[in-house]
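Here's the structure, in structure tokens; my notes come after.
The values are calculated or read from the model by the stated rules, or taken from the named source; none is laboratory data. This is a predicted model, so every value here is computed, not measured. Because the Cβ atoms are built from the backbone with ideal geometry, glycine has one as well, and the counts that use them run over all protein chains shown.
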Amino acid sequence: MKTFNVTIPIAGHAFVEVEAEDEKAAIAKAMDEVSREHLEEWTPLDRFNSGNVCYCPHPWEVTAEEA
């Protein structure tokens, strides 16, 4: 039996609650504070993209909404 070191790309999302004046400031603050403990969901992937096809799960971009 052989031993292999396998690197797997992952994609997912984190949920971070912050206090800020507006959405732009909230996103900036969350980007500074995010850590592994904020991971909500993740998925192992064979690849992130191939050609013009993206295999990453939704959401694809950062969003902020007032609670």
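Listing for the model above:
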quantity: Enumeration of residues in region 36-59 that are surrounded by 10 or more Cβ atoms within 10 Å (Cβ to Cβ) and out of contact with any strand residue (DSSP E or B) (no Cβ under 7 Å at 6 or more places or on another chain); calculated: 47, 49, 54
quantity: Pair list, Cβ under 7 Å, 6 or more apart: region 1-22 residue β-branched (Val, Ile, Thr), other residue in a loop (DSSP other than H, G, I, E, B); calculated: 10/45; 16/34
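Okay, residues lined up against (1) of a type outside the set (D, E, K, R); (2) at pLDDT 90 or above; (3) out of contact with any helix residue (DSSP H, G or I) (no Cβ under 9 Å at 6 or more places or on another chain):
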| residue | (1), (2), (3) |
| --- | --- |
| 8 | yes, yes, yes |
| 19 | no, yes, no |
| 22 | no, yes, yes |
| 27 | yes, yes, yes |
| 30 | yes, yes, no |
| 38 | yes, yes, no |
| 45 | yes, yes, yes |
| 59 | yes, no, yes |
